[in-house]
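Data first, discussion second: the structure below is written as structure tokens.
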Amino acid sequence: MHDNLADAQILVIKIGTTSLTHENGTVDLHKMDQMARVLTDLENEGRRIILVSSGAIGCGMHRLRMETRPSTLEEKQMAASVGQGLLMELYHRSFDSYYQNVAQILLTKDVFYNKIKRHNAMHTFAALLRERIIPIVNENDAVSTDEIEEERFGDNDRLSAMTANLIGADGLVILSDVDGLYDKDPFKFDDAKRIEVVEKMTPQLMALGDSSASKLGTGGMITKLEAARYATGHGIPTLITSGEDINVLYKIVNGKNAGTLFLADDPSAQ
């Protein structure tokens, strides 16, 4: 088992809405450009990168002048339909500055469980990575349904973990609004201490995930822990850290401590 992600050649990076937008919900263009520069740089040094990005509903909310996150299925799908194209347009502009090609992949949960769709998705990812094109992945919110829970991921944390497993990634990085898992809520307790390494997911550890979600995001720490549990259970080490400064990715690929690292399960112990 690796105790860092320095050796990861295929790396899935997930960035959430709160890490990609200003407090008023508009896209942080500086952050997006920083993301494009760092990910292109990692590609240039020989790694293969997959970006799982939230933000479509947020982009749609801003364009449609919606002050609060939509609550009904129809409003969410409307905002996502408007916002997804806008989000990709901004990504294209940022990555084009560094001569890096990107591609959009919108997934629904059935892709992972339908043999034919899963097979096709794997080959699409493989072709993109072979040509050094960075796939930008999001849930297809415009067609997924809330009524049938099995058809939705619920958040892009789970999507990132399932994508990492689908493509056989060497590591998963979840960029959050907090720089890792703490022994208590760091927003409420000044003496909260960050847990540096998690060797095994336990019920007691999962109980630490009761942190509040933002008004723009859909997850919270609990969904990140669930994603880490899924990924590590499939042999993929996972790191949760802050998305405030995208340059943190350099620390991660250089093996430095930059969050909470969840070690992959040891297959020989199963």
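The values are calculated or read from the model by the stated rules, or taken from the named source; none is laboratory data. These figures come from a predicted structure and were not determined experimentally. Backbone-built Cβ (ideal geometry, glycine too); neighbour counts: all protein chains shown.
The figures follow:
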| read-out | value |
| --- | --- |
| Subset of the stretch 19-31 that is surrounded by fewer than 22 Cβ atoms within 10 Å (Cβ to Cβ) and in contact (Cβ under 8 Å) with a residue 40 or more places away in the chain - its residue that is nearest to residue 260 (Cα to Cα) | 31 |
| Qualifying residues in the stretch 219-263 (those that are surrounded by fewer than 19 Cβ atoms within 10 Å (Cβ to Cβ) and among the aliphatic types (A, V, I, L, M)) - the one nearest to the chain's Cα centre (by Cα) | 222 |
| Restricting the stretch 60-106 to residues that are charged (D, E, K, R) and part of a helix (DSSP H, G or I), the residue that is nearest to residue 39 (Cα to Cα) | 96 |
| Check on residue 84, farther than 26 Å from residue 24 by Cβ and touching a Leu at 6+ places or on another chain (Cβ under 8 Å) | no |
| Search result, residues across the stretch 36-56 that are of a type in the set (A, V, I, L, M, F, W, C) and modelled with pLDDT of 95 or more | 36, 38, 39, 42, 49, 50, 51, 52 |
| Selection count where residues are acidic (Asp, Glu), buried (at least 23 other Cβ atoms within 10 Å of the Cβ) and at pLDDT 90 or above, scope the stretch 151-200 | 1 |
| Count of the stretch 249-270 residues which are assigned to a helix (DSSP H, G or I) and either touching a residue at least 12 places away in the same chain (Cβ under 8 Å) or at positive phi (or both) | 5 |
| Residue within the stretch 4-14 that is free of Cβ contacts under 8 Å to residues at least 60 places away in the same chain, touching a strand residue (DSSP E or B) at 6+ places or on another chain (Cβ under 7 Å) and outside any helix (DSSP H, G or I) present | no |
| Whichever residue in the stretch 154-168 is assigned to a helix (DSSP H, G or I) and of a type in the set (Gly, Ala, Ser) and, among such residues, is farthest from the chain's Cα centre (by Cα) | 164 |
| Residues (part of a loop (DSSP other than H, G, I, E, B) and among the hydroxyl-bearing types (Ser, Thr, Tyr)) located in the stretch 48-59 | 54 |
| Condition broken by residue 50, with the remaining ones in (1) β-branched (Val, Ile, Thr); (2) crowded, with 21+ Cβ neighbours inside 10 Å; (3) touching an Asp or Glu at 6+ places or on another chain (Cβ under 9 Å) satisfied | (3) |
